[in-house]
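The values are calculated or read from the model by the stated rules, or taken from the named source; none is laboratory data. What you see is a predicted model; the values in this text were computed from it and never measured. Glycine gets a Cβ as well: all are built from the backbone with ideal geometry, and neighbour counts include every protein chain shown. With ligands, DNA and RNA removed, areas are computed over all heavy atoms of the protein, side chains included. Shrake-Rupley method; radii C 1.70, N 1.55, O 1.52, S 1.80 Å.
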Amino acid sequence: MAKVKKKYICSQCGSISNRWQGQCDDCGEWNSIVEEAPVTIFAQKHDLSAGGRLVSLSGLDSDIAIPERMKIGMEELDRAIGGGLVAGSATLVAGDPGIGKSTLLLQACAALARQGKNCVYISGEEAVDQVRLRARRLGLADAPVQLASATSVRDILTTLRGGNIPDLLIIDSVQTMHSDLIEGAPGTVSQVRASSQELIRFAKENGCALLLVGHVTKDGNIAGPRVLEHMVDTVLSFEGERSHQYRIMRAVKNRFGGTDEIGVFAMQEGGLVEVANPSTLFLTDRDSAISGAAIFPALEGTRPVLVEIQALTVRLSSGATPRRSVVGWDSARLAMILAILEARCGLSFANVEVYLNVAGGYKISDTAADMAVAAALVSAFSERPLPVASIIFGELSLSGEVRPVSHSNIRLKEAAKLGFDAAWVPAKADAGKKMDMRYFATLGELTRHMLQ
Ligand SMILES: Nc1ncnc2c1ncn2[C@@H]1O[C@H](COP(=O)(O)OP(=O)(O)OP(=O)(O)O)[C@@H](O)[C@H]1O
Ligand SMILES: [Mg+2]
Ligand SMILES: [Zn+2]
């Protein structure tokens with residue numbers, strides 16, 4: 001006797017519940033819960049303590065098969081995935097529509113194919129000719145990639161099992177795949193999971209590296225990458241603003257390596273170009289100092305990236321409520337810094353509109369930028385520029401004290417490398433080698449120094 005039980009699943013995070021609700025309890029998304037395809041439960045086989053095969057148990061210290069890594073040859077990508085693709089692993093590449101996922105993976109596929117690897121690229125979204133056109137535009141048409149347009153997982157696996165097992169299999173995208181083992185349209189949670197499961201099993205059994213493209217989506221009708229996060233070995237997030245050319249590849253999860261490395265690319269006519277020195281992307285080219293700008297050495301994982309923080313202040317004559325507008329930084333953190341400036345340094349922004357912007361579309365979440373934000377605000381307010389070619393960092397406490405930050409030596413080294421010769425830092429920071437260092441214990445010291 002088989003019993004059928006109804007289940008509901010969130011298409012954003014994949015959490016399962018027994019009843020339908022308007023909002024997901026786990027991720028808070030609205031209208032994301034859908035009915036999952038029925039699951040059959042065999043009632044008479046409920047006792048799992050007998051009838052199985054024996055599993056071999058062994059100690060931690062026995063022979064190890066170190067996973068083989070394939071270097072793609074695109075250094076930024078290899079770095080982000082921890083030194084190359086692991087044979088038999090599954091990697092999800094998630095990103096917003098049009099961010100450049102297909103472009104990047106086609107480039108990676110071609111790079112490996114040119115090294116003599118057997119690389120298969122399956123597109124469920126584009127016709128073969130469309131992919132060929134892209135390949136031609138990117139100058140990759142001569143790479144021996146095996147290309148097909150297909151959406152049936154059965155067709156794809158039948159084809160692959162019948163021929164040469166590929167070293168690399170790219171599926172673009174997982175939301176277009178269809179498994180005939182279960183009901184439902186491509187893109188639904190159950191289809192995305194069932195299709196991925198089959199593809200991942202194929203990859204593990206045959207030692208092939210699998211790259212799955214996953215669209216990031218807010219639409220409850222299509223399952224997002226979070227549904228797959230726990231099934232794959234590695235999750236890479238491909239980020240950036242479409243209006244800006246830089247893209248960051250970040251490992252969100254990695255069973256075979258760290259998640260603190262990023263790869264930086266610039267989207268250009270000829271495809272994604274690796275950016276070995278990201279700081280150059282976010283800095284404005286300028287020889288003279290202007291007020292309201294401060295350079296902050298941010299960290300992406302362990303890589304320093306210098307970014308410019310810009311502030312603009314406008315005095316209001318009327319008693320209207322002044323605006324606070326922030327791009328690329330936390331608005332609550334801005335309110336906090338304005339309050340510290342007022343309470344601890346006697347600088348009131350009560351009748352002043354404040355605009356804060358991080359140049360180049362970059363987003364900072366590091367509290368080490370507090371001092372740079374404060375300095376940009378004071379500089380805009382007083383119309384006194386910070387020294388040309390100087391950097392500034394430090395975390396602020398509510399008392400107005402400047403606290404030390406992590407990796408200050410990495411930040412200083414990067415700045416020195418790029419020709420910055422002065423640094424304003426917390427009192428305990430290490431001295432930069434060739435830099436003119438100025439130490440601050442409190443925000444009051446900084447404002448007094450800037451306003452003197
Ligand atoms: N002819 C072209 N010349 C220059 N750049 C182009 C051209 N066609 C596309 N692009 C760039 O490539 C981007 C799309 O890249 P791609 O198709 O790889 O993205 P995707 O993430 O796979 O998108 P989708 O979500 O639609 O699959 C465009 O946003 C654009 O910047
Ligand atoms: Mg695409
Ligand atoms: Zn959810």
Q | Scope segment 172-190; condition assigned to a loop (DSSP other than H, G, I, E, B), more than 14 Å from ligand 1 (Cβ to nearest atom) and of a type outside the set (A, V, I, L, M); matching residues | A | Ser179, Asp180, Glu183, Gly184, Pro186, Thr188
(Q) I'm trying to understand the selection: among the residues of segment 148-157, which are outside any loop (DSSP other than H, G, I, E, B) and within 19 Å of Leu105 (Cβ to Cβ)? (A) Ala148, Ser149, Val153, Ile156
Q: Have a look at Ser173, Ser195, Ser179 and point out the one that is open to solvent by less than 30 Å² (accessible area, probe 1.4 Å), of a type in the set (S, T, N, Q) and touching a residue at least 60 places away in the same chain (Cβ under 8 Å).
A: Ser173
Q) Within segment 58-108, can you find the residues that are more than 16 Å from ligand 1 (Cβ to nearest atom), over 16 Å from Lys253 (Cβ atoms) and aliphatic (A, V, I, L, M)? A) Leu60, Ile64, Ala65, Ile66, Met70, Ile72, Ala87
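State whether one or more residues within segment 142-159 are away from ligand 3 (no atom under 16 Å from the Cβ), of a type in the set (Asp, Glu) and touching a residue at least 40 places away in the same chain (Cβ under 8 Å).
For segment 142-159, residues away from ligand 3 (no atom under 16 Å from the Cβ), of a type in the set (Asp, Glu) and touching a residue at least 40 places away in the same chain (Cβ under 8 Å): absent.
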**Q.** Members of segment 109-135 that are within 16 Å of ligand 1 (Cβ to nearest atom) and not in a helix (DSSP H, G or I)
**A.** Tyr121, Ile122, Ser123, Gly124, Glu125, Glu126, Ala127
**Q.** strands (runs of 3 or more DSSP E) fully within segment 249-352 counting 1 or more residues that are surrounded by 19 or more Cβ atoms within 10 Å (Cβ to Cβ) and in the same structural domain as Leu396 (by TED's automatic domain parsing)
**A.** 293-300, 303-315
Q. How do the pairs read when you match residues in segment 48-71 that are in contact (Cβ under 8 Å) with a residue 12 or more places away in the chain with residues anywhere that are among the acidic types (Asp, Glu), using Cβ under 8 Å and keeping only pairs 6 or more apart or on different chains?
A. Met70/Asp167; Lys71/Asp78
Q) Going by the structure shown, is Leu160 hydrophobic (A, V, I, L, M, F, W, C), in a helix (DSSP H, G or I) and either open to solvent by less than 20 Å² (accessible area, probe 1.4 Å) or under 18 Å from Lys204 (Cα atoms) (or both)? A) yes
Q: Note down all Cβ pairs under 9 Å where the first residue falls in segment 436-452 and is within 15 Å of Leu386 (Cα to Cα), the second is hydroxyl-bearing (Ser, Thr, Tyr) and open to solvent by 50 Å² or more (accessible area, probe 1.4 Å), and they're at least six residues apart or on different chains.
A: Glu445/Tyr439
Q. In segment 194-237, what residues are modelled with pLDDT of 85 or more, of a type in the set (D, E, K, R) and within 22 Å of the chain's Cα centre (by Cα)?
A. Glu229, Asp233
Q) If you go through segment 122-139, how many residues are open to solvent by less than 30 Å² (accessible area, probe 1.4 Å) and either more than 15 Å from ligand 2 (Cβ to nearest atom) or touching a residue at least 60 places away in the same chain (Cβ under 8 Å) (or both)? A) 2
